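Worksheet for the structure shown next.
The values are calculated or read from the model by the stated rules, or taken from the named source; none is laboratory data. Not measured: the values here are computed from a predicted model. Here Cβ is always computed from backbone atoms with ideal geometry, including for glycine, and neighbour counts include all displayed protein chains.
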Amino acid sequence: MNIRFCSILLLVLTGLMHMACQEKKPAQSTADQPTPVASLAKTTYNLGDTILVQLSRSITRPKVTVDGADSPIFQQSEKSLAVGYSDGKTGLHQLVVSGLTSGSASFSDTLNVEMWSDVVPVNVAYTVLKTYPHRETSFTQGLEFYKGVLYESTGLNGQSNVMQIDVQTGSVRKSVPLANQYFGEGITIVNNKIYQLTWTSGICFRYNLDFSLDKTFTYHTQGWGLTHRDTTLILSDGSNKLFFLSPDFQSLGEVNVYDNKGPIMNLNELEYVNGYVFANVWQTNRIVQIDLKTGKVVGNLNMESILPTSIDTKENVLNGIAFQPTENAFYITGKKWPTLFKLRIKPAEKERAKDVIAFR
Ligand SMILES: [Ca+2]
């Protein structure tokens, strides 16, 4: 036996003894946190994509559920499962992958996946029909027509109001101020009641049409934009969620807003029209057209061409969207903008018409 062989033998024996000693140690951390069998190479997908689950070992009798419902497994190999998810809901979902590993040990791993929209939004074209003056002192937070009359809410502490506006002149017909501690946000009008949000106070003020205070409500999110569908209020809070509320502010659910590239954060002033919500994305020149049933963005309006050049529109962002149904026109303005724009959306190309709003 030469010295080199002895050295190698010694190393091997030392290694084996070390391994043996390690095995004798209580493997507490490993026992408490078994190595997951299933994992995800990526956690975001577009709806309709196949979700690829990676397997750290071969398994039998695989089962996958998404939010508790069985999901089809299209393909299985030693190292992966291809899973379908097609119920049409964007947002965060929980995948549970279970089965048997060799030796018939059962496992169950929980994975989180975020589904983005499968719709590529179209660029929605529009034409400016007319312009009107807008008060440059108005820090616009909400805009809505009710029975042909334009209402506007403004923000900033000490400068927050609900106002009835003369469209032709931009002058205020009547108004009601908020107390200095409140920062006004979105408004909407349902059944002759005007709802005005506040930014961080968690209080919604409800007025009668004569601007007398009717009632207040509380809510637990920030208040950004407000609109309604029938009698359901729709509220944004600066996230990618739209919240549905009853007329007395009871929660009726929510929808997550996504396009094909991810969640659309900073949803701000809102306007509901024919099944869609139009929302401006804070600090951008973009209005998104959201299918309210699914939360998918189906259209983008680029508002670059109407931004006033006389003011800093990075600070004084677009923030007023109102639809006038009898004119089939949108009225758009922004914080301290000198102009109120009357727009009409152009009909979409024929082949895409089914995807976008059907205007006359
Ligand atoms: Ca509005």
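If you take the residues in region 208-224 that are over 19 Å from N192 (Cα atoms) and part of a loop (DSSP other than H, G, I, E, B), which one is farthest from the ligand (Cβ to nearest atom)? Can you show your working first?
Step one: list which residues in region 208-224 are over 19 Å from N192 (Cα atoms), which gives 218-224.
Next, from what is left, pick out any that are part of a loop (DSSP other than H, G, I, E, B): 219-224.
Values: Y219: 18, H220: 22, T221: 18, Q222: 17, G223: 14, W224: 11 Å.
Only one residue tops the list, namely H220.
Quick check on region 225-244: of everything there that is away from the ligand (no atom under 14 Å from the Cβ) and of a type in the set (G, A, S), which residue is farthest from Q141 (Cα to Cα)? Don't jump to the end; show me each part of the working.
First, pick out the residues of region 225-244 that are away from the ligand (no atom under 14 Å from the Cβ): 230-232, 237-241, 243-244.
Still in the list and also of a type in the set (G, A, S): 238-239.
On the way: G238: 13, S239: 16 Å.
Looking at the filtered set, the residue picked out is S239.
Does region 34-59 hold any residues that are in a loop (DSSP other than H, G, I, E, B) and of a type outside the set (K, R), and which are they? Can you show your working first?
Applying the first criterion (in a loop (DSSP other than H, G, I, E, B)) to region 34-59 yields 34-37, 41-43, 47-49, 56-58.
P34, T35, P36, V37, A41, T43, L47, G48, D49, S56, S58 - these are the residues of region 34-59 that are in a loop (DSSP other than H, G, I, E, B) and of a type outside the set (K, R).
For region 245-265, which residues satisfy the criterion of being closer than 14 Å to D291 by Cα and free of Cβ contacts under 8 Å to residues at least 40 places away in the same chain?
E254, I264
Find the strands (runs of 3 or more DSSP E) located wholly in region 92-196 whose residues include 1 or more that are free of Cβ contacts under 8 Å to residues at least 40 places away in the same chain, and list them.
On the way: elements: 106-116, 126-133, 140-146, 149-154, 161-165, 172-177, 184-190.
Output list reads 106-116, 149-154, 161-165, 172-177.
Search region 315-333 for residues being of a type in the set (V, I, T) and surrounded by 15 or more Cβ atoms within 10 Å (Cβ to Cβ), and hand back the single one that is farthest from L343 (Cα to Cα).
Our first condition is that a residue be of a type in the set (V, I, T); within region 315-333, this holds for 317, 321, 326, 332-333.
Narrowing the set further to residues that are surrounded by 15 or more Cβ atoms within 10 Å (Cβ to Cβ) leaves 317, 321, 332-333.
Values: V317: 18, I321: 10, I332: 8, T333: 11 Å.
Here the residue is V317.
Determine if region 80-99 includes at least one residue that is surrounded by 12 or more Cβ atoms within 10 Å (Cβ to Cβ), at positive phi and either in contact with a Lys or Arg (Cβ under 8 Å, 6 or more places away or on another chain) or modelled with pLDDT of 95 or more (or both). Lay out the reasoning, then the answer.
Keep residues of region 80-99 that are surrounded by 12 or more Cβ atoms within 10 Å (Cβ to Cβ), which gives 80-99.
Next, only the ones that are at positive phi stay: 88, 91, 99.
Adding the requirement that they be either in contact with a Lys or Arg (Cβ under 8 Å, 6 or more places away or on another chain) or modelled with pLDDT of 95 or more (or both) leaves 99.
Yes - at least one qualifying residue is present in region 80-99.
Which pairs do you get when a residue that is modelled with pLDDT under 90, found in region 307-322, comes within reach of a residue that is basic (K, R) and assigned to a loop (DSSP other than H, G, I, E, B), reach meaning Cβ atoms under 8 angstrom, with the pair 6+ apart or on two chains?
Filtered contacts from region 307-322: I311/K336; E315/K335.
Determine which member of the set V128, V167 is within 16 Å of the ligand (Cβ to nearest atom), surrounded by 13 or more Cβ atoms within 10 Å (Cβ to Cβ) and in the same structural domain as P247 (by TED's automatic domain parsing). Don't jump to the end; show me each part of the working.
Numbers: V128 fails: within 16 Å of the ligand (Cβ to nearest atom).
Selected residue: V167, the only one of V128, V167 that is within 16 Å of the ligand (Cβ to nearest atom), surrounded by 13 or more Cβ atoms within 10 Å (Cβ to Cβ) and in the same structural domain as P247 (by TED's automatic domain parsing).
Can you name the residue in region 57-75 that is out of contact with any strand residue (DSSP E or B) (no Cβ under 6 Å at 6 or more places or on another chain) and either of a type outside the set (A, V, I, L, M, F, W, C) or surrounded by 15 or more Cβ atoms within 10 Å (Cβ to Cβ) (or both) and, of all such residues, is nearest to N112 (Cα to Cα)?
Here is the first cut: in region 57-75, the residues out of contact with any strand residue (DSSP E or B) (no Cβ under 6 Å at 6 or more places or on another chain) are 58, 68-70.
Narrowing the set further to residues that are either of a type outside the set (A, V, I, L, M, F, W, C) or surrounded by 15 or more Cβ atoms within 10 Å (Cβ to Cβ) (or both) leaves 58, 68, 70.
On the way: S58: 21, G68: 13, D70: 16 Å.
Checked region 57-75; the qualifying residue nearest to N112 (Cα to Cα) is G68.
Give region 131-149 a look and list any residue that's within 15 Å of the ligand (Cβ to nearest atom) and β-branched (V, I, T), or say none.
T140, V149, listed by residue number.
So which residues in region 101-119 are surrounded by 14 or more Cβ atoms within 10 Å (Cβ to Cβ) and either under 23 Å from G299 (Cβ atoms) or over 21 Å from the mean Cα position of the chain (by Cα) (or both)? Walk me through how you get there before you give the answer.
Keep residues of region 101-119 that are surrounded by 14 or more Cβ atoms within 10 Å (Cβ to Cβ), which gives 101, 107, 109, 111, 113-119.
T101, F107, D109, L111, E114, M115, W116, S117, D118, V119, listed by residue number.
State which residue is surrounded by the fewest Cβ atoms within 10 Å (Cβ to Cβ) when the search covers only region 131-164 and only residues that are of a type outside the set (A, V, I, L, M, F, W, C) and touching a Pro at 6+ places or on another chain (Cβ under 9 Å). Write out each step before concluding.
Restricting attention to region 131-164, the residues satisfying the condition of being of a type outside the set (A, V, I, L, M, F, W, C) are 131-138, 140-142, 144, 146-148, 151-155, 157-161, 164.
Now drop any that are not touching a Pro at 6+ places or on another chain (Cβ under 9 Å), which leaves 133-136, 158-161.
On the way: P133: 15, H134: 25, R135: 20, E136: 16, G158: 11, Q159: 15, S160: 25, N161: 21.
Of everything passing the filter in region 131-164, G158 is surrounded by the fewest Cβ atoms within 10 Å (Cβ to Cβ).
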